[in-house]
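Accompanying notes for the structure given below.
What follows draws every value from the coordinates through simple rules; no lab data is involved. Just so you know, these numbers come straight off a predicted model, no measurement behind them.
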Amino acid sequence: MTFCDVVEAIKTLSAEEKHEIQLLLKQYLREERRDEIYENFSAARIAHQRDELKFSSNIQELRLQLED
């Protein structure tokens, strides 16, 4: 099923069913974002344990780190 097929199928649904799909999509997007945040946290924690993270309050140093 293609994206276009899904859109066309949604058009045929009742307003209540469309609203339910909207709620489901919002929930799925929240869950995906939560998973992404957790993956980033896990990667940062591992980098911290390996002493790979660099911290600085110097703006020039931070800019250089961003360019790397």
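Descriptive notes on the structure:
- Note on the chain: the C-alpha convex hull projects to 8.2 nm² when averaged across all orientations.
- CD proxy at 222 nm, helix term only [per DSSP H run n ≥ 4: -39500 (n - 2.57); per residue of the chain; nearest 500]: -26500 deg cm²/dmol
- Qualifying aspartates and glutamates (Cα of each under 18 Å from Cα of LYS54; at least 8 residues distant if same chain): GLU67, ASP68
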